[in-house]
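Taking it in order: structure first as structure tokens, then the write-up.
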Amino acid sequence: MTLVDTSVWVDFFRGIENEETNCLKLLLINGEVITGDLILTEILKGTKSEAQLLRVKSFFDALICFNLCGKEMAVATAKNYLTLKSKGRTVRKTIDEIIATFCIQNNIPLLHKDRDFEHYERHLRLRNALSL
């Protein structure tokens, strides 16, 4: 299974062809895509109408959706943040920190198009789905 970040879903729904969206299409065909509550929130916030929100939600209803945070994950996320900060690396978005930590803790590859995740790949063993 592979968790897909919002950065890839945005391109996918806009019909943009790139390495990440091509990988996503293959993962969808093979039934290997999972999502998370925070990713779903970000995607649905980007819809332009309630009708579009319902269509997109219906698409995501077919995917397994994990709760990405909780007390233990919050603590692990903060520890990862401090580790990266000690190495001079700062991640700009808390949600990305949670997503990366969830993937690391559960050994789940992440398909993304966001440079913030590269810090987690280099320093904390986040698995990039494109590298598999």
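Rule-based calculations on the coordinates, nothing more; no lab input. Remember, it's a predicted structure, so these values are computed and weren't measured experimentally. Every residue, glycine among them, receives a Cβ derived from its backbone with ideal geometry; neighbour counts consider all protein chains shown.
The residue that is farthest from ILE43 (Cα to Cα), counting only those in the range 79-93 that are in contact (Cβ under 8 Å) with a residue 12 or more places away in the chain and assigned to a helix (DSSP H, G or I), is THR83. Across the range 96-122, the number of residues qualifying as within 20 Å of CYS23 (Cα to Cα) and basic (Lys, Arg) comes to 2.
Consider the range 15-51 and keep the residues that are in a loop (DSSP other than H, G, I, E, B) and touching a helix residue (DSSP H, G or I) at 6+ places or on another chain (Cβ under 9 Å). The one that is nearest to CYS65 (Cα to Cα) is GLU32.
Regarding ALA51, is this residue surrounded by 11 or more Cβ atoms within 10 Å (Cβ to Cβ), farther than 15 Å from LEU3 by Cβ and either in contact (Cβ under 8 Å) with a residue 12 or more places away in the chain or not acidic (Asp, Glu) (or both)? Against the criterion (surrounded by 11 or more Cβ atoms within 10 Å (Cβ to Cβ), farther than 15 Å from LEU3 by Cβ and either in contact (Cβ under 8 Å) with a residue 12 or more places away in the chain or not acidic (Asp, Glu) (or both)), ALA51 does not qualify.
Does CYS69 fit the bill of being within 16 Å of CYS103 (Cβ to Cβ), assigned to a helix (DSSP H, G or I) and hydrophobic (A, V, I, L, M, F, W, C)? Taking the combined requirement at face value, the residue does not satisfy it. Restricting the range 1-14 to residues that are hydrophobic (A, V, I, L, M, F, W, C) and assigned to a strand (DSSP E or B) leaves a set whose member that is farthest from ASN67 (Cα to Cα) is VAL4.
Scanning the range 75-87 turns up one or more residues that are of a type in the set (Phe, Trp, Tyr) and either over 18 Å from LEU3 (Cβ atoms) or in contact with a Cys (Cβ under 6 Å, 6 or more places away or on another chain) (or both). The test for being among the hydroxyl-bearing types (Ser, Thr, Tyr) and either loosely packed, with under 11 Cβ neighbours inside 10 Å or touching a Gly at 6+ places or on another chain (Cβ under 7 Å) (or both) does not hold for SER7.
In the range 99-106, the condition of being in a helix (DSSP H, G or I), aromatic (Phe, Trp, Tyr) and under 12 Å from MET73 (Cα atoms) is met by at least one residue.
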